[in-house]
1. Do you know which residues across region A:2-57 are on the phi > 0 side of the Ramachandran plot and out of contact with any Gly (no Cβ under 9 Å at 6 or more places or on another chain)?
2. Looking only at strands (runs of 3 or more DSSP E) that lie completely in chain A, which have at least 1 residues being more than 12 Å from chain B (Cβ to nearest Cβ)?
3. Please count how many residues of region B:18-43 are closer than 16 Å to residue B:109 by Cβ and more than 13 Å from chain A (Cβ to nearest Cβ).
4. If you go through region A:26-55, how many residues are at pLDDT below 95, within 18 Å of residue A:96 (Cα to Cα) and among the hydrophobic types (A, V, I, L, M, F, W, C)?
5. For region A:37-67, name all the residues that are loosely packed, with under 14 Cβ neighbours inside 10 Å and charged (D, E, K, R).
6. Just to be sure I understand, how many residues within region B:27-53 are open to solvent by 60 Å² or more (accessible area, probe 1.4 Å) and more than 20 Å from residue B:89 (Cβ to Cβ)?
7. Filter region B:1-34 for residues that are touching a Leu at 6+ places or on another chain (Cβ under 6 Å) and either farther than 18 Å from residue B:72 by Cα or at pLDDT below 95 (or both) and give the result.
Amino acid sequence: GIQVEQSPPDLILQEGANSTLRCNFSDSVNNLQWFHQNPWGQLINLFYIPSGTKQNGRLSATTVATERYSLLYISSSQTTDSGVYFCAVTFPGTPLVFGKGTRLSVIA
Amino acid sequence: EAGVVQSPRYKIIEKKQPVAFWCNPISGHNTLYWYLQNLGQGPELLIRYENEEAVDDSQLPKDRFSAERLKGVDSTLKIQPAELGDSAVYLCASSLYRGYEQYFGPGTRLTVT
């Protein structure tokens, strides 16, 4: 069936460290988005990236659609990066399907 | 440009009472979505609107949930009667068209006691 799997489920980082979050998906995708859900529950758009590589400040993302995965890179992490990172995918004919998220805690 | 607006932000009701949530999407966005997010999970789609037409409502529990999007702009999601298991965050999102990037509102946290 349709699956979106994220790893790791939990991650604890020291401030200033780098990290890579992974999203695997089970089928070819139409669209892929990365979100950050902050501690107040707001879902913040990070990237809309069905394929290719994008960068925005300390964050970058790469989606290799042919190999069915996407990576989110966070460099020089800050405490404000804490929260849950979701990968969400639209497969042909499906709504946006979310993974279970990666819970990131950045400690000072 | 204003983002997706939702109200109320928090709601506490007793079971069997009705409740309604309101959403105003980003101006010009044709597609509007309502999602349900349970604790520790990702959001799940309840219903999608293309302008004022409800499409893709297969996950909406129609015995107690209803939704409308009059004039193809803002939308209301209603639960009547509410059950204990309805306690969750209800999120509204919008996109220019189906398949385009989706933007989420801050959500309404519902607690049913």
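1. Residues satisfying the conditions are A:16, A:52, A:57.
2. Ranges flagged: A:4-7, A:10-14, A:19-25, A:52-56, A:59-64, A:69-74, A:83-90, A:102-107.
3. Residues flagged as closer than 16 Å to residue B:109 by Cβ and more than 13 Å from chain A (Cβ to nearest Cβ) within region B:18-43 amount to 5.
4. 1
5. A:58, A:67
6. Of the residues in region B:27-53, 4 are open to solvent by 60 Å² or more (accessible area, probe 1.4 Å) and more than 20 Å from residue B:89 (Cβ to Cβ).
7. Hits for region B:1-34 are B:11, B:15.
Quick grid of which residues meet (1) within 20 Å of residue A:97 (Cα to Cα); (2) in contact with a Gly (Cβ under 9 Å, 6 or more places away or on another chain); (3) open to solvent by less than 70 Å² (accessible area, probe 1.4 Å); (4) of a type in the set (Ser, Thr, Tyr):
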| site | (1), (2), (3), (4) |
| --- | --- |
| B:55 | yes, no, yes, no |
| B:69 | no, no, yes, no |
| B:76 | no, no, yes, yes |
| B:86 | no, no, yes, no |
| B:92 | yes, yes, yes, no |
| B:108 | no, no, yes, yes |
| B:111 | no, no, yes, yes |
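The values are calculated or read from the model by the stated rules, or taken from the named source; none is laboratory data. Model, not experiment: these values are computed from the prediction. Don't worry about glycine lacking a Cβ; one is built from the backbone with ideal geometry, like all the others, and counts go over all protein chains shown. Heads up: the accessible areas ignore ligands, DNA and RNA and are worked out on the full protein's heavy atoms, side chains in. Shrake-Rupley method; radii C 1.70, N 1.55, O 1.52, S 1.80 Å.
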